[in-house]
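The values are calculated or read from the model by the stated rules, or taken from the named source; none is laboratory data. Computed from a predicted structure; not experimentally measured. Heads up, the Cβs are rebuilt from the backbone with ideal geometry, glycines too, and the neighbour counts pull from every protein chain shown.
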Amino acid sequence: MTINKLTKIIFGAIVLLVVVWAVVVFRDILSYILIAWVLSIIGAPMVEYLTTIRAKKFRLNRTMAALTTLVTFLLVLYLVASFIVPLIIHEAKHLSEIGMDDISSSIRGPVLKMEDWLKQRSLVEDDRSLELELQNLLTKSFHPKTIIQYFQSLVGTIGDLFIALFSILFISFYFLKDKNLFGRMITSVIPDAYVDGSHSVLLQTRKMLSRYFGGLVVQAVIFTLMCYVTLAIIGFKNALLIAFIAGLLNVVPYVGPLIGMLFGTFITVSSYAGMDFSSVLLPKILVLIGVILAVQQIDGLVVQPNVIGKSVQAHPLEIFLVVLVGGKLAGLPGLILAIPAYTVLRIIGRNFFGEWKAVKSLTESLDPNKKI
């Protein structure tokens, strides 16, 4: 083994240990910085565009362009919240007012059939009542006191959310104002011999993640619109709320659509509580599942390959395995961050360890400059 290769191995090991230590000790601050960096990547095109606009002698400098971009982000967030939050509050109020007898009567028939089926096969004890257990569970879950506790818990986190939001916006402003600031922060802790390579990694990472996160936004919007229009035409109650949650969760690979489907089913059951299960609830649930599955198929066959797949330039099997590993290591956040983290690691590997056979095999299709 040459000295150069040994140096790279030692350098890689040291960097990995430092990164792990920093993530553990300063994970909150690091998450603010990384989220702010992602926002700056998404907002960078807008900043560049605003700085080119001229009206006679007037021209926006980068400070005003960055501020305008952040205000635009907040305005979009406010518009989305103004549509969704009232729906969520209305649904929560509706849930607190639902009579448990109505829900129990709606699902009593299929629960009794399932109970008989299980007892016939000795899967549950004869003296056990699934209907009574389910009714007790529903009573505890949707009791007004329980709903109030949910909201109290939510209110308790508002302070932390405001601190996080302020910190992210503050950091994002300076990242947008100075597009090289994040790069200087990274290279300031890297040995001089690797500064040029690090600049190249940051530039390629910015291009790849800009495509990826921009693609996620487009994907979520398209998914939400398709679900909402379809459910609204059919006449579903709370179509916008179901579509929004399903579209938002769809960005979580593999698991997200399933959670969105379960959430939609829950909202449907609560919206049509008290109605007959066989003639009303079951058809509604089946239609809902069919709509989400159909939209997901369109998303998987058309949107993802053209918007997401090309942005990360990785084989679908790679993505699947990476997502599994991310979920195993960090749960839901791991599922969300697995693909961008893997993209960054591939870029680092290609630039610093490109001569290794395994790295070469994983990064041969990687081309940040390729147009999609």
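I'm trying to understand the selection: among the residues of the range 228-245, which are assigned to a loop (DSSP other than H, G, I, E, B) and without any contact (Cβ under 8 Å) to a residue 40 or more places away in the chain? Outline the logic, then answer.
Pass one, the range 228-245, residues assigned to a loop (DSSP other than H, G, I, E, B): 235-238.
Within the range 228-245, Gly235, Lys237 qualify.
Quick check: anything in the range 111-132 modelled with pLDDT of 65 or more, at negative phi and among the aromatic types (Phe, Trp, Tyr)? For the range 111-132, residues modelled with pLDDT of 65 or more, at negative phi and among the aromatic types (Phe, Trp, Tyr): absent. With the structure loaded, tell me whether Ala22 is at pLDDT below 85, closer than 29 Å to Gly334 by Cβ, surrounded by 13 or more Cβ atoms within 10 Å (Cβ to Cβ) and small (Gly, Ala, Ser) or whether it fails that test. Yes. Of all residues in the range 193-245, those that are modelled with pLDDT under 85, β-branched (Val, Ile, Thr) and more than 20 Å from the chain's Cα centre (by Cα) total 2. Entry remark, the range 40-69: residues being of a type outside the set (Gly, Ala, Ser), within 18 Å of Phe166 (Cβ to Cβ) and in contact with a Lys or Arg (Cβ under 9 Å, 6 or more places away or on another chain) number 1 in total.
Among all residues of the range 185-192, there is at least one that is modelled with pLDDT of 80 or more and either within 22 Å of Val15 (Cα to Cα) or not in a loop (DSSP other than H, G, I, E, B) (or both).
Annotation note: of Val47, Val76, the sole residue that is within 21 Å of the chain's Cα centre (by Cα), of a type outside the set (S, T, N, Q) and at pLDDT 80 or above is Val76. Pairs meeting the criteria (first residue in the range 15-39 and within 19 Å of Ala164 (Cα to Cα), second residue at pLDDT below 75 and in a helix (DSSP H, G or I), beta carbons under 7 Å, at least 6 apart or on different chains) are Leu30/Ala22; Leu30/Val23.
Taking residues in the range 327-338 that are more than 16 Å from Phe213 (Cα to Cα), and partners anywhere that are of a type in the set (A, V, I, L, M) and in a helix (DSSP H, G or I), the pairs with Cβ atoms closer than 6 Å and at least 6 places apart or on different chains are Gly327/Leu335.
Of the residues in the range 37-77, how many are within 17 Å of Val221 (Cβ to Cβ) and of a type in the set (Ser, Thr, Tyr)? The total comes to 1. Which residues, taken from the range 39-67, are part of a helix (DSSP H, G or I) and out of contact with any helix residue (DSSP H, G or I) (no Cβ under 6 Å at 6 or more places or on another chain)? Scanning the range 39-67 gives Ala44, Pro45, Glu48, Tyr49, Thr52, Met64, Leu67.
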